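The values are calculated or read from the model by the stated rules, or taken from the named source; none is laboratory data. Computed from a predicted model, the values in this text were never measured in an experiment. Using ideal geometry, Cβ is built from the backbone for each residue, glycine included, and neighbour counts are taken over all protein chains shown. We work out accessible area using only protein heavy atoms, side chains counted, and drop any ligands, DNA or RNA first. Shrake-Rupley method; radii C 1.70, N 1.55, O 1.52, S 1.80 Å.
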Amino acid sequence: MGIYPITQADWLRVMGNNSSHFKGENLPIENVSWNDCQEFCKKLSEMEGIKYGLPSESQWEYTCRAGTTTAYYFGDDSSELKDYAWFNDNSEDRTHEVGQKKPNAWGLYDMHGNVWEWCQDEYKSYSDVIKEEDMENPFEFCAAGRGTPTRGTAARPAAPGTGLGTATTT
């Protein structure tokens, strides 16, 4: 996972375009489809010689939580959310530059807030125990049209499209 969500500058460097509603080099990319994100990962892999892909939903959840079992990665008190995330109450209905709020315990920013983030497979209830049915290949799962989930929260619920929060190496 990346330390920050993919920025518009990152996207422009790889894809050569920027479909974001809110413009800015250090703003997260948004208004992109799951298929757009697949193409981004493919092109980035070719450019860097490392295989990149979207995280599975369980990878995203595990990484967001950073070893915690609380409602949020910083605890259970939602009144602290403003220190960790851009969301409806503090976003002014727009996205913000990445990395402006406090990171999780593993140093990852914007895991709560700013934009929704695409995952490779569908949401399943998080558990400390990996179940056999959770071992399904997420690439085959989505290729079969059975799910293209998002995680995180958006700066505004009506924000057009969804962003690419992180790409993982596989």
Mind checking which pairs have a first residue in region 57-80 that is without any contact (Cβ under 8 Å) to a residue 40 or more places away in the chain and among the hydroxyl-bearing types (Ser, Thr, Tyr) and a second that is open to solvent by 50 Å² or more (accessible area, probe 1.4 Å) and assigned to a helix (DSSP H, G or I), Cβ under 6 Å, 6 or more apart or different chains? Tyr73/Arg65
So for region 84-96 (the condition being within 26 Å of Asp121 (Cβ to Cβ), of a type in the set (Phe, Trp, Tyr) and open to solvent by less than 20 Å² (accessible area, probe 1.4 Å)), does at least one residue qualify? no
Evaluate the following for Tyr109: is it closer than 20 Å to Met1 by Cβ, touching a residue at least 40 places away in the same chain (Cβ under 8 Å), in contact with a Ser or Thr (Cβ under 8 Å, 6 or more places away or on another chain) and open to solvent by 20 Å² or more (accessible area, probe 1.4 Å)? no
Just to check your reading of the model, which residue among Glu25, Glu46 is open to solvent by 60 Å² or more (accessible area, probe 1.4 Å), farther than 27 Å from Gly107 by Cβ and modelled with pLDDT of 95 or more? Glu46
Top-ranked residue in region 49-76 [being part of a helix (DSSP H, G or I) and farther than 16 Å from His112 by Cβ; ranked as least open to solvent (accessible area, probe 1.4 Å)]: Ser58
Please state which of the following conditions Glu133 fails to meet, knowing it meets all the rest: (1) modelled with pLDDT under 90; (2) open to solvent by less than 70 Å² (accessible area, probe 1.4 Å). (2)
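Taking the stated definitions as given, is Ser79 modelled with pLDDT of 95 or more and open to solvent by less than 20 Å² (accessible area, probe 1.4 Å)?
On the way: modelled with pLDDT of 95 or more: yes; open to solvent by less than 20 Å² (accessible area, probe 1.4 Å): no.
So Ser79 does not fit the description; no.
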